[in-house]
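Participant: So that we are looking at the same thing, I have put the structure below in structure tokens.
What follows draws every value from the coordinates through simple rules; no lab data is involved. These figures come from a predicted structure and were not determined experimentally. Note that each Cβ is placed from the backbone with ideal geometry, even for glycine, and that neighbours are counted across all protein chains shown.
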Amino acid sequence: MRFLTIKNADFTYQGKQAVISDVNLDITKGEFHCLLGKSGCGKTTLLKLASGLLQPDKGIIQLDGKELDGPYQECGFMFQSPTLLEWKTVIDNILLPIFLKRKVTEEDRKHAAGLLDMVGLSEHHNRYPAQLSGGQQSRVSLARALIQHPSMLFLDEPFAALDAITREELQEDLLKICQLHQTTVLFITHDIAEAVYLSDRISVMDRGRIIYEQNVLLKKPRLLNMRYGSYFNNLCLALRQKMSEGHL
């Protein structure tokens, strides 16, 4: 079942060359889909179009069967910077999207506490962002993205600034949570190994176009030793070659 559909989308920032050119993309419900490409290829702009934060100059974007004419309400966002409010506690940062819409209930607080437990921060409810490591801040940001039970998650290189081990741990957390809730995901990265480990399917972008798509046939749940297997490494090499071909 298609959940996100992008048809013949174009987008140009005023006074600049086209950033997105005739892009077509389908993502099925519950799919983890990665947009892979070098910096400046249009990945973030396409994510903003897919979520309704930007409107295409041409083409159609549909989410859950409805054409978007503004931001999609049933979604969560996570960006490279955790963007936490320094003067609010961890639990209040997680509850912020709800607070901005309505009064926070006791049920909301229980849900936030459960999310903190899922991301391994059950003892950090009343701490402040400055008291957390970078990885812990990213976990809080992930919990905040999930607080409204989103049917779709949009993630823009959320782990890029983290060390390798913390990054792998957060990838594991993200996969477990999304599989548990059957969340549909559009994840942006320029890291080939990250894309292969996380994805059900990968789209390679170059200069505003999708130039290649690839299913990932790794079993679920994903396991650490898969990162060192022949299939994983051969697929990483094939994707690297496709990315190079796009710049010829």
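Participant: Work out the charge dipole of the range 45-163 with +1 on the Cβ of Lys and Arg and -1 on the Cβ of Asp and Glu about the Cα centre, then indicate which of 72, 152, 125 is farthest towards its positive end.
Facilitator: 125
Participant: What does the C-alpha gyration tensor say about the overall shape of the chain? Classify as rounded when a/c is under 1.5, otherwise prolate if a/b is larger than b/c, or oblate. Can you show the working numbers first?
Facilitator: Working: a/c = 1.81, a/b = 1.30, b/c = 1.39.
Oblate.
Participant: Please arrange 75, 178 by counting, for each residue, the other beta carbons lying within 10 Å of its beta carbon, fewest first. Please report the intermediate quantities before stating the final value.
Facilitator: On the way: 75 22, 178 19.
In increasing order of surrounding Cβ atoms, one gets 178, 75.
Participant: Right, next: Among 243, 205, which comes first, then next, by fewest other beta-carbon atoms within 10 Å? Numbers along the way, then the final one.
Facilitator: Working: 243 20, 205 25.
Sorted ascending by nearby Cβ count, the order is 243, 205.
Participant: Using only Cα atoms and rounding to the nearest 10 degrees, what angle (0 to 90) does helix 164-181 make with the longest principal axis of the chain?
Facilitator: Computed tilt is about 90 degrees.
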